[in-house]
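Bear in mind these aren't lab numbers, they're just calculated from the coordinates by the rules spelled out. Nothing here was measured: the structure is a model prediction, and the numbers come from that model. Cβ coordinates were reconstructed from backbone atoms using ideal geometry, including for glycine residues, and neighbour counts include every protein chain displayed.
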Amino acid sequence: MSDVAEPMNPYDGFKLLRDHAPVTQIEADGPWQVARHADVHAVMRDHATFSSDVSIQPPEERGAPSMLFSDPPVHHRLRKLVSVAFKPSQIQKQEAQIRARCRALLDAMPTQSEVDLVQAVAAPLPVMVIAEMLGVEDGDMATFKAWSDEIFSNIGEILFGTASPESEAAAAEMNAYFLQRINHLRRNPNNHLLGQLVAIETEDGRLDDEELLSFCRLLLIAGNETTTGLITASARIFHEEPQTLAQIKQRPELSGTFVEEALRYYSPFSATVRRTTKEVELAGQTIGAGELVVPLIASANRDERVFDAPDTFVMERSPNPHLGMGFGIHFCLGAHLARLEGKIVVEQMAERYAQVVLANPEKAAIGDLGGPKELAVILG
């Protein structure tokens, strides 16, 4: 028998928190963990009390504000500028091209042998889509994904401390690339999203280079990690619940509810973070002003107070008030796009394969932000 203890399934730990310590500090002076659906929902809804401005860096060192980590009125201004590109009607126009790209990626995957689903489909597909929206050439997409992964893997240190040299280098390379594109578009405008943002006029004048760079980083990083996590979650579910693959093969219209349940069951983002603007009471705990609060989205999505049989994957679950795409003013900007991409991948995998098996299920991490960085599967 091995002396190495098996790591606790994070969902077992979340249940312990929900039942015995729904709002708590795991470590003294550490962030407050919020485990129940009602409390997570309350935190995400109340942006006045639970601010998204969580960085400890002085404002003068942060550069242009990011939509992810800002509050109104800055957040509303930034979101209004870019949200038009993510309206359902705009996203739907991309469906045929997304289907074609997904088909090409799946065509290149071997069957009956081990393949990394992240590298083959889950990572490149959303990067291709976002990069195309920004007017990026196909040849640069692998580089973009590498930048995104490096920066995103170090996001905690970037916000709360010092970024790693690798993250700083990736950010500098990304900024230099986009700055070159921005300067080109100022002289040669086009109708891609970045071209539209370069040309747009606001009440405060045009967006400056720093604001445009901030948008590029947001779209590239936040715009692909959700979809990557959703695709890997879907593959895990096909492995654990093989009947779902057959059901979607017979009834492709189930792909939409499958995606919603996948977002609940294996949330691409297990948690987010806020900072209190004033003293507040939550679930009987008094949290002081200026303290960090971590809403555990993955725990909220398994809360038995809200969901019947929360640890069972129910493809046609209704209602399904999951928080997998966030809630409130920071509801995922790319939610419609991620759902469409996930739906297309699920439909095409069900159409092609009789089974999707994880090659090393014991090594497939659960709860990683944006999903696992590799996922070996065997397709048959």
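A compact table of results
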quantity	calculated
Label-point separation in nm, A359 to A172, each point 7 Å along Cα→Cβ	3.6 nm
Of the DSSP H helices in the chain, those whose Cα atoms cover at least 27 Å axially and whose Kyte score averages -1.0 or more	165-187, 209-240
Entries of K343/K373; K80/K249; K15/K249; K80/K373; K15/K373 with Cα pairs more than 28 Å apart	K80/K249; K15/K249; K80/K373
R103 paired with N183, simple spin-label distance in nm, labels 7 Å along Cα-to-beta-carbon	4.1 nm
Spin-label model distance (nm) - E27 vs Q250, 7 Å beyond Cα toward Cβ	5.1 nm
Answer label for log10 I(q)/I(0) by the Debye sum over Cα atoms at q = 0.09, 0.12, 0.13 Å⁻¹ (calculated), chosen among (i) -0.53, -0.97, -1.14; (ii) -0.71, -1.02, -1.14; (iii) -0.62, -1.15, -1.34	(i)
Footprinting exposure proxy for I378, I248 (fewest neighbouring C-beta atoms within 10 Å first)	I378, I248
Region 178-315, relative contact order in percent, only Cα pairs under 8 angstrom and at least six apart counted	17 percent
Gain in span if fully extended, R77 to S164, counting 0.36 nm per residue against the direct Cα distance	28.2 nm
Relative contact order computed over the chain (Cα-Cα under 8 Å; 6+ residues apart), in percent	27 percent
Net charge of neighbours whose Cβ lies under 13 Å from the Cβ of Q250, counting Lys and Arg as +1 and Asp and Glu as -1	-1
Dipole of the chain, positive direction: furthest Cα of P310, P31, A172, with charges on the beta-carbon	P310
Candidates S148, S234, S83, ranked by Gaussian network fluctuation over the chain, Cα under 10 Å, top entry	S83
Among S318, S70, S52, residue whose mean-square fluctuation peaks in a GNM of the chain (springs only between Cα atoms under 10 Å)	S318
Relative contact order of region 226-304, pairs being alpha-carbon contacts under 8 Å that are 6 or more residues apart, as %	29 percent
Residues whose placed amide H lies under 5 Å from that of W32, excluding near-sequence neighbours	L292, V293, V294
